[in-house]
Amino acid sequence: MWKVSCFVLFVSGLTLSHCVNPGMKLMISQKGLDFAHEVAKNFLESQVQALSIPNISGKEDIQGELKYEITNIKVEDYKIIDSSLTFVPDVGIQMAIKNSKATILSNWNVEHWTIKAKEKTTLELSEASFIIAFKISKNDTGSPLLSLNSCQSDIKKVEIKLNGPLKLIQKKYGDEKIKDVILKLLNSQICTALAEESKKWAVYVNALPVQHKIDDHVQIDYRLVNSPVFTNKYADVDVKGTFYAINNRTEPALAPAPFTLPDSSDSMLYVGISEYTLNSVAQAYFDDQALHLAFTHKQLDHIVKELDGVTANLPEARGRLRATKAPVFTLKPKNMTVELAGQIELVTKENKKPAHSEITVSITSSISADVSISESNSRLNVTGSLTLNSITLHVMSEDKTKASKFAELEKSVKNFIEKHLVPTLDGKLKRGVTIPSVPFIKLVNPISHTNEKFFQLNTDIAYNFPRM
Ligand SMILES: *[C@@H]1O[C@H](CO)[C@@H](O)[C@H](O)[C@H]1NC(C)=O
Ligand SMILES: *[C@@H]1O[C@H](CO)[C@@H](O)[C@H](O)[C@H]1NC(C)=O
Ligand SMILES: *[C@@H]1O[C@H](CO)[C@@H](O)[C@H](O)[C@H]1NC(C)=O
Ligand SMILES: *[C@@H]1O[C@H](CO)[C@@H](O)[C@H](O)[C@H]1NC(C)=O
Ligand SMILES: *[C@@H]1O[C@H](CO)[C@@H](O)[C@H](O)[C@H]1NC(C)=O
């Protein structure tokens, strides 16, 4: 699909610049659109009722000139009876309303040689069909753009409820003739009014944020890097997917590699998260200097116990584990590997003396996991299994008298990691780690797996609004 999007950009001649690889991809299937249909329908119903339809005035020859002015046109009740939401290849999406009805209130001001009248009128429209297509693209800085691409209106039936003098005209000159005039006028006005109203939606869509603050440390930039691609089966949306430290925004050194989401339409939504995006998460937390852990004396017991002679004289040993490089992710089928480089500093604090570092253990390690995401009770559950591929340790200390103990220390730290840390994390992952889900959206039947260079999540969605 990456190829498709670049191809489209090329042939449309809009830009000959290179196609940018996204960090994350979303693919929405027709099943996903069917899910959005109900919301789109409710939205259109309420928006049509809010339309401001311009005054209509004109002349007709009905046994002499009849001048009319129709003002305060208000759609009172609009109901969509039959409709569908589909993709329009190369354009965007389209709402086809095959049947709908409305009540329209308006004031009529009519002048004819036989009468002169002014009155409130009710029109009952039925068998009204509309085809409304929206173009969806992006601007140069990646914000979404929406515009009304085409609108066709075909209102077939109207009942006119007139009173007083106007009723006389209706009787005298034929109901059908007046209906024809009204239908022609309304059909020409509805799309004009919709075009005007849709400018407000365009402003709203364009102002949608393209960044989101994840926590106090990092934010994600998900601006569009290519214009969304529409075929008759799916929409393919390429977003930047770069995480940054909020207070230390640094562009990742490597650009994303291309990847392709497999062609499928069983789920509503397909999400691809690239190796690049995962690495930018790691880099962002590292740039924020958020990748560290503190151990208390008690937690260090496992290690410290075996350090007689090294730390026996340290009444208050504390440990600090910090990353010395951003962790590096590599994704392969069913295998997510993280290369970690860190340092454990054993720091001591003796009475009335400033804390000072006793020993530093530098660690490089590679850990692989096969992870997947499931959903239960509106929470996302990450499960999997963890394997330690390799671990290398190096112990350093200013105090050379302790050098004889280094080999022992290395062994004990390694032992701690292999026998305690990794099995503990593996056990945690096997039991499942819950992560907060997206607000108001519930993932239904998510299926996920790691692929070559990206993580893929296929899912259906449901609304998950808080109970009132
Ligand atoms: C339509 O007519 C009404 C009544 O004459 C008037 O108040 C209103 O300003 C007119 N609207 C437009 C858009 O001309
Ligand atoms: C794209 O839209 C955003 C949001 O309105 C705006 O801030 C930005 O300046 C626009 N970019 C360009 C190149 O017009
Ligand atoms: C910002 O990130 C860079 C790159 O990781 C790092 O060298 C630098 O120390 C960080 N600056 C701050 C203020 O944390
Ligand atoms: C996962 O991949 C890493 C290298 O990327 C490799 O060292 C490791 O053996 C693989 N693990 C499995 C279970 O295939
Ligand atoms: C997460 O998945 C694991 C493994 O399937 C399961 O044992 C655990 O109960 C799940 N956790 C939640 C909160 O559903």
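The values are calculated or read from the model by the stated rules, or taken from the named source; none is laboratory data. What you see is a predicted model; the values in this text were computed from it and never measured. Ideal geometry is used to build each Cβ from the backbone, glycine not excepted, and the neighbour counts take in all protein chains shown. The accessibility values were calculated without ligands, DNA or RNA, using every heavy atom of the protein model including side chains. Shrake-Rupley method; radii C 1.70, N 1.55, O 1.52, S 1.80 Å.
Structure above, values below:
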{"quantity": "Strands (runs of 3 or more DSSP E) enclosed by segment 13-120 - at least 3 residues per element that are within 30 Å of the chain's Cα centre (by Cα)", "calculated": "24-29, 65-88, 92-111"}
{"quantity": "Residue check, F455 under 20 Å from the mean Cα position of the chain (by Cα), among the aromatic types (F, W, Y) and modelled with pLDDT of 90 or more", "calculated": "yes"}
{"quantity": "Among residues of segment 244-268, those that are open to solvent by 70 Å² or more (accessible area, probe 1.4 Å), under 11 Å from Q283 (Cβ atoms) and touching a helix residue (DSSP H, G or I) at 6+ places or on another chain (Cβ under 7 Å), counted", "calculated": "1"}
{"quantity": "Pair list, Cβ < 6 Å and 6+ apart or interchain, from segment 205-222 residues that are farther than 15 Å from P22 by Cβ and assigned by TED's automatic domain parsing to the domain that holds G142 to residues that are open to solvent by less than 70 Å² (accessible area, probe 1.4 Å) and within 16 Å of ligand 3 (Cβ to nearest atom)", "calculated": "none"}
{"quantity": "Pairs with Cβ under 7 Å, 6+ apart, first in segment 408-437 and within 30 Å of S397 (Cα to Cα), second within 16 Å of ligand 1 (Cβ to nearest atom)", "calculated": "none"}
{"quantity": "Where a residue in segment 245-270 is under 23 Å from K442 (Cα atoms) and its partner, wherever it lies, is part of a loop (DSSP other than H, G, I, E, B), with Cβ under 9 Å and at least six apart", "calculated": "L261/M1; S265/K233; Y270/L261; Y270/P262; Y270/S264"}
{"quantity": "Residue among E69, E65, E76, E111 that alone is charged (D, E, K, R), in contact with a helix residue (DSSP H, G or I) (Cβ under 8 Å, 6 or more places away or on another chain) and away from ligand 3 (no atom under 16 Å from the Cβ)", "calculated": "E76"}
{"quantity": "Residue identified as in contact with a strand residue (DSSP E or B) (Cβ under 9 Å, 6 or more places away or on another chain) and open to solvent by 70 Å² or more (accessible area, probe 1.4 Å) among K240, K177", "calculated": "K177"}
{"quantity": "Residue in segment 406-415 that is at pLDDT 90 or above and surrounded by fewer than 17 Cβ atoms within 10 Å (Cβ to Cβ) present", "calculated": "no"}
{"quantity": "Matching entry among E375, E398 (being in contact (Cβ under 8 Å) with a residue 60 or more places away in the chain and of a type in the set (D, E))", "calculated": "E375"}
{"quantity": "Counted residues, segment 416-452 - those being out of contact with any Asp or Glu (no Cβ under 9 Å at 6 or more places or on another chain), under 14 Å from I373 (Cβ atoms), at pLDDT below 85 and not in a strand (DSSP E or B)", "calculated": "2"}
{"quantity": "Residue that is farthest from ligand 5 (Cβ to nearest atom), among those in segment 371-386 that are surrounded by 15 or more Cβ atoms within 10 Å (Cβ to Cβ) and of a type in the set (S, T, Y)", "calculated": "S372"}
{"quantity": "Selection status of S106, without any contact (Cβ under 8 Å) to a residue 60 or more places away in the chain and either out of contact with any Gly (no Cβ under 9 Å at 6 or more places or on another chain) or more than 16 Å from ligand 4 (Cβ to nearest atom) (or both)", "calculated": "yes"}
{"quantity": "Residues satisfying the stated conditions in segment 371-405, i.e. assigned to a loop (DSSP other than H, G, I, E, B) and under 30 Å from E358 (Cβ atoms)", "calculated": "E398, D399"}
{"quantity": "Sole residue being under 16 Å from I417 (Cβ atoms) and either open to solvent by less than 50 Å² (accessible area, probe 1.4 Å) or modelled with pLDDT under 95 (or both), chosen from A323, A312, A290, A282", "calculated": "A323"}
{"quantity": "Lone qualifier among L183, L123, L162, L148 - being buried (at least 18 other Cβ atoms within 10 Å of the Cβ), touching a residue at least 24 places away in the same chain (Cβ under 8 Å), under 36 Å from the mean Cα position of the chain (by Cα) and away from ligand 2 (no atom under 16 Å from the Cβ)", "calculated": "L148"}
{"quantity": "Qualifying residue in segment 84-93 (condition: open to solvent by 50 Å² or more (accessible area, probe 1.4 Å) and away from ligand 2 (no atom under 16 Å from the Cβ))", "calculated": "yes"}
{"quantity": "Any hit, segment 24-44, residues being free of Cβ contacts under 8 Å to residues at least 24 places away in the same chain, more than 16 Å from ligand 3 (Cβ to nearest atom) and either more than 25 Å from L186 (Cβ to Cβ) or basic (K, R) (or both)", "calculated": "yes"}
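Residues are listed down the side, and each one gets a yes or a no for (1) of a type outside the set (S, T, Y); (2) at pLDDT below 95; (3) over 29 Å from L429 (Cα atoms); (4) open to solvent by less than 60 Å² (accessible area, probe 1.4 Å):
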residue: D301; (1), (2), (3), (4): yes, yes, no, no
residue: K332; (1), (2), (3), (4): yes, no, no, no
residue: T337; (1), (2), (3), (4): no, no, no, yes
residue: G342; (1), (2), (3), (4): yes, yes, no, yes
residue: P354; (1), (2), (3), (4): yes, yes, yes, no
residue: A369; (1), (2), (3), (4): yes, yes, no, yes
